[in-house]
Every structure is written in C-alpha cells, then in structure tokens.
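Structure first, then comments.
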C-alpha cells in the first residue's frame, strides 16, 4: 500500500479496489481528469489515517487538504462542485433533483440486489430481481447516448461500474436488453473508464 504523508499537495482517495462505492468515485475523478493519489486499502484492516479521518472507517474516504469526506455519493457531488467542468449534475434545480432520485433508485434497487448476491443472501432471488430490473430498464438506454441525457452524469458513473460487475454476479443479459448492452459497450470503451479500474476490476470480465 502506498504511504501518504500528512502534508498533501494533491487530493488523496483511500479506496477499496474491489468495492463499487470506491469505483464510482474513481470514475468521477477520471472523467474530470482530476489529479489524485489513489491509495488502495483493505477494508477489513484500514490504516490509522482512515480511522482518524473517518469515524466509521469506511471506504472510500477523500482527503482534500483540510477537508475529509466519506460516503461515495457525498464525495461524488463534492467533486462535481469543486471541479465543475465537465458538469455531471444538471444546473437547474428540477433536473438536479430528478438526477438525485435516479441515483437513489440505482443504489436502492440495483446496488441493493448486487449486495445481496455478493453477501450470499438469497442469491437466486436477488440475481433474478436484478436481471429483470435491468431488462425492464433497457429501453431507456435507446433514447439517449447516456442515461436519459445527452451528456454524461453522476447516474452513469453509478450504473457503469455495476454493469462491469455483471460477470462477477453471474448475470448475463438476454437479447431483449440489447440497448443496455450497447450502452455498456460504449461506456467500457471510454478512456476515463479504463483509467478508473483497479487491478482487481480489470480482471472481472475475464
């Protein structure tokens, strides 16, 4: 693991190389081309620094000079405000609120099912639930190049790491999910996405 001094000239992200929560933050950092020191951390044995910065000892944890942030959604929104170009949240309040609702649904429905699969909690039912939900939402991805938008948003940064993990979850999308599969292929080809991958994540599709 990299050693990070207490005096930092660049932003530092303490990241779990296997966690989707850390991955989506790394994707935002890559899409915005932000200079950052990514420190891979074992979530079961976090370093003292993480425990000092974050009372919950969770990952990801972001350190930006005197600011310490935890919880991936908070970090993502901070990065979008701190580095506004390209914007990943809409400017107007109504669209911004709707984007936050989409994020909430992705987290509650899709991430929730994924976590149950990974934790071995009703795996077959959770896998069926996630597959059916993805298939039902597939037509949405036929209308615009990104999720209900002509521009990349934080919702895409949450969805794409999930789609990348489908082989790990032993989910293969059926033919009727063609628009979603095409969207995933486009997103996986983005340079920022490739840069966001940890060594563990690079091996998932294989």
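All of the numbers you see were taken from the coordinates with simple rules; none came from a lab. Because the structure is a prediction, the values reported are computed rather than measured. Heads up, the Cβs are rebuilt from the backbone with ideal geometry, glycines too, and the neighbour counts pull from every protein chain shown.
Within the chain, what percent of beta bridges assigned by DSSP are antiparallel, to the nearest 5?
60
Indicate the gyration tensor shape class of the range 103-206 (rounded, prolate or oblate), computed on the Cα atoms with a ≥ b ≥ c the square roots of the eigenvalues: a/c under 1.5 is rounded; otherwise a/b larger than b/c is prolate and the rest oblate.
Values: a/c = 1.59, a/b = 1.19, b/c = 1.34.
Oblate is the answer for the range 103-206, as a/c is 1.5 or above yet b/c matches or exceeds a/b.
Quickly work out the residue 140-to-residue 34 label distance, labels modelled 7 Å from Cα along the C-beta direction, and quote it in nm with one decimal.
2.4
Report the relative contact order of the chain, percent, no decimals, based on alpha-carbon pairs under 8 angstrom and at least 6 residues apart. Kindly include the intermediate steps, with their values, before the conclusion.
Numbers: 252 pairs, mean separation 47.4, N = 206.
This gives 23 percent for the chain.
How high is the FRET efficiency between residue 176 and residue 203 when r is their beta carbon distance and R₀ equals 22 Å, given to the nearest 0.05? It would help to have the intermediate numbers written out before the result.
Working: r = 29 Å, r/R0 = 1.30.
Once rounded, the FRET efficiency stands at 0.15.
Along the three principal axes, how long is the range 37-159 when you take its alpha carbons, biggest first, rounded to the nearest angstrom?
The principal-axis extents, from largest down, are 46, 40, 22 Å.
Which value in nm describes the separation of the simple spin-label points at residue 96 and residue 108, placed 7 Å from the Cα toward the beta carbon?
2.2
Tell me, 42, 156, 80 in order of fewest to most beta-carbon neighbours within 10 Å?
With the sparsest Cβ surroundings first, the list reads 42, 80, 156.
If we count other beta carbons within 10 Å of each Cβ, what is the order of 148, 51, 11, 76, fewest first?
Working: 148 15, 51 12, 11 19, 76 25.
Lowest to highest Cβ neighbour count: 51, 148, 11, 76.
Considering the Cα positions of the range 11-82, please state its Rg to one decimal place and its Dmax as a whole number of Å.
Spelled out, the Cα radius of gyration and Dmax of the range 11-82 are 10.9, 31 Å.
In what order do 91, 38, 135 fall by count of nearby beta-carbon atoms within 10 Å, going from fewest to most? Working shown, then result.
Numbers: 91 8, 38 19, 135 15.
Sorted ascending by nearby Cβ count, the order is 91, 135, 38.
Students often get this wrong, so try it: which of [x] 17.0, 52; [y] 16.2, 46; [z] 15.7, 51 is Rg and Dmax of the Cα atoms in Å as calculated from the structure shown?
[x]
Taking Cα atoms, how many degrees apart are the long axis of helix 72-82 and the longest axis of the chain, rounded to 10 and kept between 0 and 90?
70
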